[in-house]
Amino acid sequence: MPAQNNQLYKNKYRIPSARASWWNYAAPGRYFITFCTAQRQHLFGFVHDGQMCLSPLGNIVREEWERSFDIRAELVCDVYVIMPNHIHAILRIIDLPTDGPHGRAAPNPPPDRKRIIRPPKSISSFIAGFKAAATKRINEYRQTPGVPVWQPRFHDHIIRNDIAYQRIMTYIRNNPVRWERDRFRGERSP
């Protein structure tokens, strides 16, 4: 929010970040992330006999998800699952050699830019870029320009030890089997 708006509204309408203020989300680490479709609509397919069956929109999401890691050298996806209305994943940010490729077309913001909304190469910038690319393709496919595909925010959890990592990995892998009991399930269809 520009400085004049901060003064004008005294941060009254600013939504506080859900991110941990004490953590650098561009730092090397492991992260469990979850993000949902707008109104938790079932857009990406259905679960049958404990297996996720992707719809054409789900295939678009899968393609964009996998492409994301080809263009972002600092990110690794250890495991993910696309569900009818959400995605779970474990992501790792890794250190790259300083003299090697940076994995970005534009690593620095333009010099005339006053502030950076998201730290470059952070989890937030990755999610924003992925959502934008997937939304564009989905809306082109559906011929629905400007229609939201995703909820604006996402959930993250910093994974601090191997026990938590293994527990979360098992949860993600078993998500389709547990779909009938999933708290993200809802009953919303497009």
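Structural remarks
- A protection proxy built from the mean count of other Cβ atoms within 10 Å ranks the segments 141-154, 30-43, 68-81, most packed first, as 30-43, 68-81, 141-154.
- Accessible surface comparison of Lys121, Lys131, probe 1.4 Å, protein chains only, largest first: the order is Lys121, Lys131.
The values are calculated or read from the model by the stated rules, or taken from the named source; none is laboratory data. Just so it is clear, the model here is predicted, and its values are computed rather than measured. Note that each Cβ is placed from the backbone with ideal geometry, even for glycine, and that neighbours are counted across all protein chains shown. For the accessible areas, the whole protein counts, side chains as well, though only heavy atoms, and no ligand, DNA or RNA atoms are used. Shrake-Rupley method; radii C 1.70, N 1.55, O 1.52, S 1.80 Å.
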